[in-house]
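Following: one structure in structure tokens, then a few remarks.
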């Protein structure tokens, strides 16, 4: 009796000892678990195309990092949520990621209005947000609720105008019609660029806003024509920009065009609008997929473009997608220097992080704003061409002077 | 000055023709079946995607593809009626309504999976070079879309007024029980009505999809507009849907042109509020009588 009892105890003890290294030790078990990163993008609704490019690029970045052994010895895992191109849905998605998935950081959420909608909630839970696309200056304004958890790699419309500023007097744009999407992004850009143009002696004849899902711009363009504008400045995504250019040609509005925001670029507009309607249009971009050396990290730029082609993703999305690729890399670097994947540690690490990526030099000022490359491009004879470049480092200087 | 006004009017009328087509489909379905069809925008989207698939991907003739796309959406409508709505017919009005909400989500997400979310351009057969008619600039595809909208509206009217099925539809609209008693096959009328309304939405989607572009969420705004059109014209009223559609198109165009384009969509809805304050039953609607 006594003896068998001892035997049972011995067997149990042996079993315990044997089991310990196999996964009962919590620290060890955790080490194999992937580190979750939240990603919120518009995957349905009117701007779903842009969101899908960024999501695909983020997957490329995650696969690349995991192939090299992950971060802190653990693989990365994207938890992807669709915000349906809608601010309220963005907040819901953020809540799900924070409460249910317990992600330590969120990348998102394309549109400025969408990003602004989730910031207060993320700040409440102390979860940092890495903003990859949005460009309203409100997002990094200390007065905005939730600004303290934001780090942004995309430029504000004001920074775009600053980077392209030297070029503005040379463009010969005198009487401007401004056509912008009716969101925080479009309204912010119209104000920033309107200011920049006015400073250079141009007049803004009319500022017109279009709905996010609009497809017909005849009313606005007819108004421009009646006002006798010699140039049109556009702030909108690539598909709508393409439609605007087509409809300008249809209405016989033959004027200079500048497109801000970095989402439309020569190749996408040539494909979507046709070479004829796209000819001569200029774009403010932050990435050049033809010249790897122009990026902050040429090696990463090459790897990104080659993988994009290998996965047979639509070429017109490569410039938009870049934002997702860079965002994941910045997050990975932040987790690495934080030493552990928790929200407060990552937030602290982002403050001092300095890393080179496709946007240029990714590091953040006291408001969480980074300063990227500003590249002005143009459709020339139906082809991509670069007009002027303000490198990331130069933009840091310009902004400091200002 | 006059040139600008005429251009705004022409633009508004052509877009309004598309709204009217959507509105007629929606109003027939509501008038005859008492179904509030929240999947109407998705049927519109399917019309555009069927045209894109047949014409741009399979390489069929543009006009044949357009006709097939419209018929295709009609078939989808018939299937929806047979499999979903018929089973819910005796339920209170909000049950089939919720079913159409579910259908709209399912169809839109299926379209995202099938065709991916990026917008597609239909490189139609008309010249992209604009022509001028006096002060008005226009492209042929818009003229085609406007002309087709008129043709479809007229033939819908003839179908309802002059054919046997049209008479059965009108009888069912007036009194379903009485129609059934006099030998009308109400099941068939319901299926035909839904298929026909769906086909009109599909036609509108194919036409405007060729003018603008094609993407899975294109039906969201279109559905909202067609509800506006139908409420403005009077629920269940055919003529009301036509006038409502044209009125919305023109008021949006003039509002965006002369007031502010930032309020383009709001202008249409403000118009509706004013109209409903004046005539709560809509432009052509009858005062509602409890059924």
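No value in this document is a laboratory result; all are computed from the given coordinates. Fair warning: this is a prediction, and the values are worked out from it, not measured in the lab. All Cβ positions, even for glycine, are placed from backbone atoms using ideal geometry, and neighbour counts span all protein chains on display.
Laid out as a table, the results:
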read-out: Residue A:230-residue A:141 FRET efficiency (beta carbon distance; Förster radius 41 Å; 0.05 resolution); value: 0.75
read-out: Antiparallel DSSP beta bridges within chain A, as percent of all bridges there, nearest 5; value: 30 percent
read-out: Candidates B:171, B:201, B:149, ranked by Gaussian network fluctuation over chain B, Cα under 10 Å, top entry; value: B:171
read-out: Burial order of peptide ranges B:70-76, A:274-280, B:212-218, B:173-179 (average beta-carbon count within 10 Å, highest first); value: B:212-218, B:70-76, A:274-280, B:173-179
read-out: Selected from A:321, A:368, A:228 as most flexible by GNM, with chain A as the system and alpha-carbon contacts under 10 Å; value: A:228
read-out: Most mobile of B:242, B:95, B:14 in a GNM of chain B (Cα contacts under 10 Å); value: B:95
read-out: Semi-axis lengths (Å, descending) of the ellipsoid that matches the C-alpha gyration tensor of the range B:53-150; value: 35, 17, 14
read-out: Other protein chain Cβ atoms within 10 Å, averaged over every residue that makes up B:255-265; value: 6
read-out: Helix B:40-51 vs. chain B, principal-axis angle (Cα, 0 to 90°, nearest 10); value: 60 degrees
read-out: Size descriptor, Kirkwood hydrodynamic radius, that averages inverse alpha-carbon separations across the range B:73-113, Å; value: 10.8 Å
read-out: Inter-part distance where the range A:355-372 and the range A:278-330 are each reduced to a Cα centre, Å; value: 17 Å
read-out: Rounded tilt (10° steps) of B:2-33 against the dominant C-alpha axis of chain B; value: 20 degrees
read-out: Helical mean residue ellipticity (222 nm; -39500 (n - 2.57) per DSSP H run of 4+; nearest 500) of the protein assembly as shown; value: -18000 deg cm²/dmol
read-out: Peptide-level mean, for A:48-59, of C-beta atoms on other protein chains within 10 Å; value: 2
read-out: At R0 = 30 Å, FRET efficiency that the Cβ-Cβ distance of residue B:187 and residue B:57 yields, to 0.05; value: 0.25
read-out: Contact order relative to length of the range B:2-278, as percent, for alpha carbon pairs under 8 angstrom and 6 or more apart; value: 42 percent
read-out: Shielding by other protein chains, B:219-227, mean Cβ within 10 Å; value: 2
read-out: Chain A, relative contact order [Cα under 8 Å, separation at least 6], %; value: 16 percent
read-out: Radius of gyration and Dmax over the Cα atoms of the range B:2-278, both given in Å; value: 18.6, 58
read-out: Normalised contact order of the range B:122-178, rounded percent, pairs of Cα under 8 Å and 6 or more residues apart; value: 17 percent
read-out: Angle in degrees between helix A:238-250 and the longest Cα principal axis of chain A, rounded to the nearest 10; value: 10 degrees
read-out: Percent of beta bridges antiparallel (DSSP, the protein assembly as shown, rounded to nearest 5); value: 35 percent
